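Let me begin by presenting the structure, written as structure tokens, before commenting on it.
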Amino acid sequence: DAKTTQPPSMDCAEGRAANLPCNHSTISGNEYVYWYRQIHSQGPQYIIHGLKNNETNEMASLIITEDRKSSTLILPHATLRDTAVYYCIANYGGSQGNLIFGKGTKLSVKP
Amino acid sequence: SQTIHQWPATLVQPVGSPLSLECTVEGTSNPNLYWYRQAAGRGLQLLFYSVGIGQISSEVPQNLSASRPQDRQFILSSKKLLLSDSGFYLCAWSLAQGASAEAFFGQGTRLTVV
């Protein structure tokens, strides 16, 4: 599986957009980019995933560069409840895949 | 809808005692199942995953073992716990088929070995 690198921590003001970067320069053509988050003392929560195209759902948007070597997770209007560790994972998915979590980015949303 | 159950939520066990954590999934068939561990202040570490009954892959050598006696049941065990086994244990499942498959996690078991 491709390794990903993320900044260890980020701050964001409440109500502003949070943009979380992820580098995955060794990603292979059939690996997806997944984002999860983990709020303290809870199990990780799936946020979004994509292959080539940008994706949007009710939680976030995922922007993947054309060369697929990096991506950005966007929380359009961060709230205090979005404070969590955010994990970016490159993975095949399906029966081939198992998720390998790195250290993630600790996002702190401040009032 | 699919749900995942993991128990107990917290557990305190003495060193050298056995361990059995159970995870069950409802509402789906033939899922991929996973056990993760998160030590205090650290990221998630994949311990075991299973693509079917009786099929277990181990990612990290240790004194833990896993079994899948039924399609939607995944058990994490140890014969003798070590202090270093303390941590937050998470069970997860994902669809076995399909081009992409997000994983769904249980609420975890916080194990303290004393």
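Readers should treat all values here as calculations from the given coordinates under stated rules, not as data from a laboratory. Because the structure is predicted, anything quoted here is derived from the model rather than measured. We place every Cβ from the backbone using ideal geometry, glycine too, and count neighbours over all the protein chains shown.
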Got the relative contact order for chain A handy, in percent, Cα pairs under 8 Å and 6 or more residues apart?
37
The cysteines in the protein assembly as shown that find no other cysteine Cβ closer than 4.7 Å to their own Cβ are A:12
Given a Förster distance of 22 Å, report the FRET efficiency between residue B:39 and residue B:107 from their Cβ-Cβ distance, rounded to the nearest 0.05.
0.80
Averaged over residues of A:42-53, the number of beta carbons from other chains lying within 10 Å of each residue's Cβ is 4
Loop only by DSSP, 15 or fewer other Cβ within 10 Å of the Cβ. Give me the GluC sites (Glu not before Pro) in segment B:6-114 that pass, ordered by residue number.
B:59
Give the lysines whose C-alpha is closer than 27 Å to that of residue A:3, dropping any in the same chain fewer than 8 places away, or say none.
A:52, A:69, A:103, A:106
Provide the per-residue ³J(HN,Hα) series for segment B:72-88, in order, calculated from phi with Karplus coefficients 6.51, -1.76, 1.60 and θ = phi - 60°, each as a whole number of Hz, with x at glycine and proline positions.
10, 10, 9, 10, 10, 9, 8, 7, 9, 6, 10, 4, 5, 7, 4, x, 9
Theoretical FRET efficiency, 1/(1+(r/R0)^6), r = Cβ-Cβ of residue B:3 and residue A:103, R0 30 Å, to 0.05:
0.55
What residues qualify as long-range amide H neighbours of residue B:108, i.e. H under 5 Å apart, gap of 5 or more or another chain, H built at 1.01 Å from N?
B:91
Give the Kirkwood hydrodynamic radius (Å, one decimal) of segment A:17-75, defined as one over the mean of 1/r across all pairs of different Cα atoms.
11.9
Once all Cα-Cα distances of segment A:1-109 are split into 10 Å bins that start at 0, what whole-number percent is in each one?
16, 51, 29, 4
Euclidean distance of C-alpha centroids, segment A:45-95 and segment B:1-65, integer Å:
25
For the protein assembly as shown, restrict the atom set to alpha-carbon positions and state the Rg and Dmax in Å.
17.7, 53
Placing each pseudo-label 7 Å from Cα in the direction of the beta carbon, residue B:11 and residue A:79 end up separated by a distance in nanometres of 3.5
Work out from phi, with θ = phi - 60° and the Karplus expression 6.51 cos²θ - 1.76 cosθ + 1.60, the ³J(HN,Hα) of each residue of segment B:28-37, listed in order in whole Hz, and give x for Gly and Pro.
8, 10, 6, x, 6, 10, 9, 10, 10, 10
